[in-house]
Amino acid sequence: MEPAEIFPHSGGVIGVSWLMIALPLLGAAILLLGGRRTDRWGHFLGVAMSLASFVVGVLTFVELLGLGEEQRRRVVELFEFIPGMVNMGLLVDPLSISFVLLITGVGSLIHIYSIGYMSHDPGRRRFFAYLNLFVAAMLLLVLADNYVGMFIGWEGVGLASYLLIGFWQHKPSAATAAQKAFIVNRVGDFGLLVAMFLIWTTFGSFAYGPVLGAAGDANVPATAIGLLLLLGACGKSAQLPLQSWLLDAMEGPTPVSALIHAATMVTAGVYLIVRSGAFFQAAPTAQLVVTIVGVATLLAGAIIGTAKDDIKKALAGSTMSQIGYMVLAAGLGPIGYAFAIAHLITHGFFKASMFLGAGSVMHAMNDEVDMRKYGGLASVMKVTWATFGLGYLAIIGFPLLSGYWTKDGIIEAAMEHSPILGWLAVIGAGLTGFYMSRVFFMTFHGKRRWAEDAHPHESPAVMTWPLILLSIGSVFGGAFLIVGNRFMTFLSPAVGAPEEPLGFHPFSVPGITTLVLVAIGAGYAWTKYGRSEVPAVAPRGSFLTTFARRDLYGDALNESLFMRPGQWLTRLAVFFDNRGVDGLVNGLAAGIGGSSGRLRRIQTGFARSYALSMLFGAAVVAGALLLVGNL
Amino acid sequence: MTTHYLVLSALLFSIGAVGVLVRRNAIVVFMCVELMLNACNLAFVTFARQHGNLDGQIIAFFVMVVAAAEVVVGLAIIVTIFRTRRSASVDDANLLKY
Amino acid sequence: MPWLSILIAVPVLGAVAVALLPKGSDKAAKQLALGVSLVVLVLTLVMAVQFAPGNGRWAFQETYDWIPSFGVHYAVAVDGIALVLIALSAVLVPIVILASWHDADGTGADNPPKRSVKTYFSLLLVLEAMMIGVFAATDIFLFYVFFEAMLIPMYFMIGSYGGAQRSYAAVKFLLYSLFGGLLMLVAVIALYSIAGKSTFLFPELIGAIQDPTTQKWLFAGFFIAFAIKAPLWPFHTWLPDAAAQAPAGAAVLLVGVLDKVGTYGMLRFCLELFPDASKFFIPLVVVLSVIGIVYGAIVAIGQTDMKRLIAYTSISHFGFIALGVFAMTANSAAGATLYMVNHGFSTGALFLIAGFLIYRRGSSYIADYGGVRNVAPLLAGTFLIAGLSGLSLPGLSSFVSEFMVLVGTFSSPVENFGFEIPAIIGATGVVLAAIYILWMYKRVATGPTAESVSGMKDLNGREKLVIVPLIALIIGLGFYPKPLLDVINPAVGTTLANVSVPAFAPAHPVADQKGAGQ
């Protein structure tokens, strides 16, 4: 089934859907411009703006549901951005509204959580300003009706991410991580930019409607556009080969990791691929590359996750891996879109709940992040334990919880497409079972390995309530979306639907194998980290462990391939500029200066020799005139 | 008919020029310059006569005015140099060089 | 109303008045200069409001004979391109005056000893008159006169009020510019005599030269002058020296406006007077521009001095502008024109904030800073915004222009020359820009507070007044560039029509979908 037509829209809640973007933007502006005057109530304003945006989102959603299924793609025109090139407008359709609800819903919960988490931070107002800025930019990213508007949001979330990773910028590690995230993302943006050049040159338009409608036509360089869009997606979604920034990004405050680097921003790449699905469906090569990138990343992320002792980095590896699943699904075409987005939404819930849970643990443990110094926290932090546990069960695909439905769908769709991809995804699921169990058991079970001054305690209600709400989503979200193909039907006007939807086969070979592998992984983790002693210092481990600990040598590779040659090139260029180009200019000047220095020696100061040379000159002139004759 | 005047003018000019080149005393050099100027004046007046118009004579007046001004300034400079350097030789006044 | 003559006359009279103030009235001199520049700004805005694009090519035309025997006129007029650049000058000068309030006092840690304050502000006003004149001139001889006369106030501002190596920098700037200017003078005279129209009026000289070889020679004369002014690689080395040694305010006007005369001249004179030669030289100019973009950025990364770094970023940006001009599509040329304006604001802000930092710390070396964000958050925050504009972050003004230039270049159908590669290489500039800006920001503003900056004060009222309008313009034009583009687009269209290049046509045009934009 092809995506539905797009209809112009005005009036109603959809007509003012720009409020969703404007409100948090206004909040950010007030908080940044207001300065210290807003310190006392700034965080409440931030939460209020995010909630208001959520309310508008829900109303928009309701209004959209009230329209006929084929009528659910509405464009709200805003203003002429670049005359003759870009008209800014918002596209409200099932795909964008799904994201809107996730962003504003989970976003608001994380805003609320942050009131507690950041309560002792002197920069709390600024933090909320940046969070609001992020929400506004992310909403623009998903709501814009054209590639340029999407790109503005795309870079806006990059900026917010930069500011928030570097929120504690007085720590050099945070400042470096922020800079790295921005620059690596810019490499992806380069791809996105060139893709937009191609789109403009081919179609003379950037608007989704006309462009995507014609993407499948002959003579469209769909493969090139698809691969370039993928490069952009890789940057934002931390997919191979642009994955290296995500682990460092954990330098930011934990709510940031939850909102931006787990639930929403990093999934923008999946949004981009699904939104631009028309290009990928017209280019099997690009699709193949997307699935390969997805599978490679889901395995790489899982491997990294198995070796990290820093709880946030282990979760970050897991995020990489889960987004790998989504990208894989997005590369499968219409059959995978619904699963990709559904997994994205459920992942938003369970990963945010786990990150916030990790934050709650850190809050209790004096900001300790090393899991080897945790252990046995289940007894003192009941709520955190329970919510984290539900998230954990959801992500490993415990039957009937969210992750089970969505991840299983992805695996089955991949299996249908190519058994190799499918089985690799199954192995990834097994790894997930191991590393997530490792995190869970090391943190909440086993012996207490706390530092001496640690007095863990449950976090305040303002932090635990968001955890509870998120864990409800992690439990029931998947079933709600997947059972009866509810989400696929809802999404189909926006992204199309496969000829025949995937049936649900709980007892298929891959399904059973997955469950068995997950159980084995979890069991192994329990024997290794739950029951037995966990050493306080990480054991040396085999070269495989080192490989995983060093992020698969991604940083080393970047350093030796790009950074060092880059520094060398920079030094060479500076030298060339000073000595070569400028040297030429200054050399010319020096040459002229030198020769005039020699020439001026003729000026001896003896008036009579001047007179002689004048006479000589006069004689020459007179002689010349005589020679020419006719004087 | 005017050839003699021109020959005289050329002779006077040459004497002046040689004087400027070979003499060192600034006063003498100065007088030689005056000699050259007046040789030119003679030529101008001669040509005016030859062509039957007044252009040359007018120029001659200009030259005289300039010469007078030059005498004033020039002698003042020579006297000043003599005062400071106790010498009227043009070769001793060679500070303006390079 | 003779708007343009008034705009030129007011700052000149103001300069005379400032210079004639009695000794010791430094404060009065500053206030008077600021007042005059504000009057010019108001007049410019009033004029701009009356400008109606599409109402004939030239507006506010004035033509008087100047040297009738040579066909030299005092002829001024504006089209959309000139108008936005005049507006840029009129906006920047009051800001610069306010920012330079103490630059001539000799109180800053890095400043030369006290010099005449009123001379400095008088020179600023003279410069403003020259800048307005050069953009308004439609007589090529008059343009040349303004083009060279601009050097004089700038020479003195660098040479007398600059940093430690000011006289080296000033002489280098003057000689370099003069060299280009004289080549242009030769070309101007040759154009006059070869065209045989006994006039220097630009509109009448369009299409006057038909012979391709002649066009090429004359193009070269003009182009080298403009390439030095802009500056394009490899004529750029005077800029880092001049910009680093000039006081911050003068550097803003130098890079923000004066250099734009180069790119403006390419668009206005090179293209229209010598269309065939322009097309012939496209490969050369495009290669130089692309080298400039990448090379400027790479060298910028390696700089240790803030002001030099900013100067090199400008070299990279001028590469974009020249690329846009010579890609000769409506989008790229309009983008290039918009870029000239936006670059003035963003680099202006960057130079001024760097100036504030240097004024406080007494050093322009990046290594002498660290952790400024901890002690002066506003200063660091504005520095970051200006920097982000410098790296063309979407939502800030430079993005629109850079995007238009690159998209326009990529899609250029001119002469079957492969414009895709230069555009793609140019787009790598976005990665390099992120590196040079963020790395500088990181070293200056983040990390633990360096001892030398521990007592640094945050922005004071005057400095806020300087920065706020710039940032407002950067953000405002980033989201709503339409007012400027509506003025620029028709003018660029006329220019390109005179060059007679094929218009861009998409390979696979899509029908307008109702409501879906386009």
Problem - For A:ALA175, net neighbour charge (Lys/Arg +1, Asp/Glu -1) across residues whose Cβ lies under 12 Å away - result: +3
Handout entry: Within the stretch C:409-483: Cβ-based charge dipole about Cα centre, in debye rounded to nearest 20 (Lys, Arg +1; Asp, Glu -1)
Key = 320
Practice task
May I ask for the distance between the Cα centers of the stretch A:455-500 and the stretch B:1-49, given as a whole number of Å?
Solution key: 114
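How high is the relative contact order of chain C, in percent, with contacts defined as C-alpha pairs under 8 Å that are six or more residues apart? Walk me through the numbers before you get to the answer.
Working: 934 pairs, mean separation 79.0, N = 518.
Computed over chain C, the figure is 15 percent.
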Problem - Residue (of C:TRP66, B:THR46, A:VAL211) at the positive-pole extreme of the protein assembly as shown, dipole from beta-carbon charges - result: B:THR46
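How would you order B:76-88, C:345-357, C:276-288, C:12-24 from highest to lowest mean count of nearby Cβ atoms within 10 Å?
On the way: B:76-88: 12.8, C:345-357: 27.7, C:276-288: 18.2, C:12-24: 15.7.
The densest-packed peptide leads the list: C:345-357, C:276-288, C:12-24, B:76-88.
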Completion exercise
Scalar couplings 3J(HN,Hα) for the stretch A:359-371 by Karplus 6.51 cos²θ - 1.76 cosθ + 1.60 (θ = phi - 60°), nearest whole Hz, x for Gly and Pro, are x, 4, 5, 4, 4, 6, 9, 6, 6, 6, 10, 7, 5
Completion exercise
Counted neighbours (other Cβ, 10 Å), sorted fewest up, put A:THR527, C:THR214, C:THR237 in the order A:THR527, C:THR214, C:THR237
Completion exercise
At R0 = 35 Å the Cβ-Cβ FRET efficiency linking A:LEU26 and A:THR489, nearest 0.05, sits at 0.45
Exercise for the section: Any chance you could give the angle, 0 to 90 degrees and rounded to 10, that helix A:124-143 forms with the longest Cα principal axis of chain A? Expected result: 90
Practice task
Send over the Kirkwood Rh of the protein assembly as shown, from the inverse of the averaged 1/r over different Cα pairs, rounded to one decimal Å.
Solution key: 34.1
Exercise for the section: Anything over 27 Å Cα to Cα? Flag those among A:LYS312/C:LYS442; A:LYS236/A:LYS528; A:LYS180/C:LYS464; C:LYS260/C:LYS442; A:LYS171/A:LYS447, in the order listed. Expected result: A:LYS236/A:LYS528; A:LYS180/C:LYS464; C:LYS260/C:LYS442; A:LYS171/A:LYS447
Problem - Charge dipole (debye, nearest 20) of the stretch C:281-518; +1 at Cβ of Lys and Arg, -1 at Cβ of Asp and Glu - result: 660
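Only counting other Cβ atoms within 10 Å, I'd like C:PHE479, A:PHE444 sorted with the fewest neighbours first.
Working: C:PHE479 16, A:PHE444 24.
Listed from fewest to most nearby Cβ atoms, that is C:PHE479, A:PHE444.
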Problem - Between the stretch A:398-415 and the stretch C:208-244, the Cα center-to-center distance that results, in Å - result: 64
Completion exercise
Placing +1 on each Lys and Arg Cβ and -1 on each Asp and Glu Cβ in the stretch C:406-469, then taking the dipole about the Cα centre, the residue among C:GLY455, C:VAL431, C:ILE421 whose Cα reaches farthest towards the positive end is C:GLY455
Fill in the blank from the handout: If one compares the long axis through the Cα atoms of helix B:26-51 with the longest principal axis of the Cα atoms of chain B, the angle in degrees, nearest 10, works out at 10
Problem - Crossing angle, helix A:564-575 versus chain A [Cα axis fit, 0-90 degrees, rounded to tens] - result: 20
Fill in the blank from the handout: Once both label points are put 7 Å beyond Cα along the C-beta direction, the A:PHE79-A:SER613 separation in nm becomes 7.1
Practice task
With label points built 7 Å along Cα→Cβ from the Cα atoms of C:SER363 and A:GLN603, find their separation and express it in nm.
Solution key: 4.3
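What FRET efficiency comes out for A:ARG448 versus A:LEU400 if R0 is 35 angstrom and r is the Cβ-Cβ distance? Round to the nearest 0.05. Mind dumping the intermediate values first?
Values: r = 33 Å, r/R0 = 0.93.
Taking R0 as 35 Å, the efficiency between A:ARG448 and A:LEU400 is 0.60.
Using alpha-carbon pairs under 8 Å, 6+ residues apart, how would you state the relative contact order of chain A in percent? Don't skip to the end; give the middle numbers.
Values: 1063 pairs, mean separation 83.2, N = 631.
In percent, rounded to a whole number, it is 13.
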Exercise for the section: Putting +1 on Lys and Arg Cβ atoms and -1 on Asp and Glu Cβ atoms, find which of C:ASN489, C:TYR295, C:HIS508 reaches farthest to the positive end of the dipole of the stretch C:281-518. Expected result: C:TYR295
Practice task
For each of B:LEU75, C:LEU32, count neighbouring Cβ atoms within 10 Å of the residue's Cβ, then give the residues from fewest to most.
Solution key: B:LEU75, C:LEU32
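How much mean residue ellipticity at 222 nm does chain A get from its helices, if each DSSP H run of length 4 or more adds -39500 (n - 2.57) and you divide by all residues, to the nearest 500 deg cm²/dmol? Don't skip to the end; give the middle numbers.
Details: 27 runs with 429 residues, N = 631.
Computed mean residue ellipticity for chain A: -22500 deg cm²/dmol.
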Problem - Test item: Cα-centred dipole of chain B, Lys/Arg +1 and Asp/Glu -1 on Cβ, debye - result: 340
Problem - Other protein chain Cβ atoms within 10 Å, averaged over every residue that makes up A:186-193 - result: 5
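Report, in deg cm²/dmol and to the nearest 500, the calculated mean residue ellipticity at 222 nm for chain C, where each DSSP H run with n ≥ 4 adds -39500 (n - 2.57) and the sum is divided by the residue count. Could the numbers behind the result be given before it?
Values: 22 runs with 351 residues, N = 518.
Only helices count here, giving -22500 deg cm²/dmol.
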Practice task
Just tell me which lysines come within less than 22 Å, Cα to Cα, of C:LYS216; anything on the same chain fewer than 8 places away is out.
Solution key: C:LYS197, C:LYS229, C:LYS279
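Laboratory data are not the source of any read-out in this text; all were calculated from the coordinates shown. In this text the structure is predicted, and so the values were computed from the model without any measurement. Using ideal geometry, Cβ is built from the backbone for each residue, glycine included, and neighbour counts are taken over all protein chains shown.
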